[in-house]
1. Taking Glu41 as the residue in question, decide whether it is in a helix (DSSP H, G or I), assigned by TED's automatic domain parsing to the domain that holds Tyr122 and either without any contact (Cβ under 8 Å) to a residue 60 or more places away in the chain or closer than 25 Å to Leu110 by Cα (or both).
2. Considering only strands (runs of 3 or more DSSP E) fully contained in region 93-193, which possess at least 2 residues that are under 19 Å from Leu209 (Cβ atoms)?
3. Examine region 27-34 for a residue that is at positive phi and either touching a residue at least 24 places away in the same chain (Cβ under 8 Å) or outside the structural domain of Ala171 (by TED's automatic domain parsing) (or both), and state whether such a residue exists.
4. Determine if region 452-464 includes at least one residue that is under 22 Å from Gly294 (Cα atoms), at pLDDT below 85 and either in contact with a Leu (Cβ under 8 Å, 6 or more places away or on another chain) or among the β-branched types (Val, Ile, Thr) (or both).
5. Could you tell me whether any residue of region 110-125 is in the same structural domain as Gly33 (by TED's automatic domain parsing), buried (at least 20 other Cβ atoms within 10 Å of the Cβ), under 22 Å from Arg2 (Cβ atoms) and in contact (Cβ under 8 Å) with a residue 24 or more places away in the chain?
6. Taking the condition in a loop (DSSP other than H, G, I, E, B) and more than 24 Å from the chain's Cα centre (by Cα), does Ile500 pass?
7. Just give me the residues in region 514-542 being more than 17 Å from the chain's Cα centre (by Cα) and touching a residue at least 60 places away in the same chain (Cβ under 8 Å), in sequence order.
8. Can you name the number of the only condition in (1) surrounded by fewer than 22 Cβ atoms within 10 Å (Cβ to Cβ); (2) closer than 30 Å to Asp133 by Cα that Lys285 fails?
Amino acid sequence: MRLGLGQFNSVVGDMAANVEAMSRIYRQAMEKGIDLLVFPELAVCGYPPEDLLHKRHFLAANEKAVRDLAAKCPQKTIIVGFPQHYHSNTYNAAAVLQGGKVEAVYRKGLLPNYGIFDEGRYFRPGAEPVVFDIEGVRIALTICADIWTLEWMAEFFKNTIGIQLIVNISASPFHAGKIETRREVVADCAKRFKSAVCYCNLVGGQDELVFDGRSIIADPAGKVVAMAKAFEEDLLIADIEPKSKNKVVVSVPEKERSQPDDMTEEMYAALVLGTRDYTIKNGFKRVLIGLSGGIDSSLVAALAVDALGKEAVCGITMPSRFNSAETISDAGKLAENLGIEFYTVPIGEALDEFNSTLGKVGGWSSEGLAYENLQARIRGTILMSLSNQLGALVLTTGNKSETAVGYSTLYGDTAGGFAVIKDVYKTQVYRLAEYINQRAGKDLIPRDVITRIPSAELREHQKDTDSLPDYDILDEVLKGYIELDKSAKELIDEGLDEKIVKWVIRAVDRNEYKRRQSPPGVKITPKAFGKDRRMPIVNKYTSFGQ
């Protein structure tokens, strides 16, 4: 039996386009002689559909799309994910399509309900296995989380014998390093059930999430024999040959796909894909970026060019008297290196006008934080006004380190439509910048941008470290507190400075309101701000002493 895993880039809610994409892959599969073609979890509607699942007409449109796919692709067996409304309940389901119709439906048994997953909000768990035969191979269906708990699987399939291939359709979002966990899950499942396992994952960007593909085929010994492309659509093929009632041999007729070498490379690919899909799927053809001459905006611009092409990217530098000649020059150098459209819009006159107007209110001062933030808000207004006029999406440039502690200006540098590096720590920003230059074989991002001491340049001789700990230390505290949920005491016991730890935790806790009002951005860490980490804004709890 020839197996094909069709990982593709679905669009949430565009059932017609998704069916057409799967029909295109089906035609490729026909040319390759595939007997069983597998598509990802909820491939018909895209993942995650969220509260669209509460709309009965949405569910009806999905079921019609499944029937349309079956009619378009009648000659082979297809497995495809879709939301099914059945007997007053909604299920995360997989349809088995044969002969132009739906032959069977499997309903997901384990529903994840943590982090970005809200399946308990929408679905009921299924309770019945679906097992069928193709070309002498006994096949069992599973969906995503089903294979992550092997004891549950063993109980679920306890009355089913002779399984030779476990098919798992998935929509597993990316974070750096997650592929190794997935490989282990698939391998452990194969070894436990002495069965080949195929895992078909979604690819593409959806709001904050990126799905990296990398569908997997493992043999019954748990060896991963094939992996699909990373961050691209692909059709992964394997031959499953039954040797006895319980055994199969897995072989791969095509050459091995190359994979990212390290986490920096895969983070880069995720950021590019997430930016491209968010922009294009929302109907934008151009993006605007405020270029300060600093490393964050330089990184975002380089990512945007790779995602969308240089013709689609416009840089705006907005200097004031506090910007150094070096940073103004580097913004221009970056734009020239990237080949993007570039404009200089000084804000000095606007700043003076605002200062004069605000000076009519008692208590206003041209010294201090409010005046610094005014500059950022003027820049945000310029960018959003140009966005409004030109129909271009503003990409904000704040990183996770700054976003975490509120080192940003609400309605200023947080203004925009998509925060590309919102989940990228400052230390990772530097690694990504170096990677971009290494990849290009030259300094696309000027060397001075990478080596210069970071500064918001909102007052004379300002440095980030005037307000923040060194980024190496800050990021270590943030990872412990945000991603690992460690208390202040645990972090201090690990040798981190008590004063710094307490300052960082207070800053993270009191800036939830800013994060709620900031644009979405690409998730690349195990716990991103937003759906991964939902904290109350009004919150008097502190982890000090715990």
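The values are calculated or read from the model by the stated rules, or taken from the named source; none is laboratory data. These figures come from a predicted structure and were not determined experimentally. Note: ideal-geometry Cβ built from the backbone for every residue, glycine included; neighbour counts use all protein chains shown.
1. No.
2. 165-170
3. Yes, that holds for at least one residue.
4. yes
5. No, that holds for no residue.
6. no
7. Within region 514-542, Lys514, Arg515, Gln517 qualify.
8. (2)
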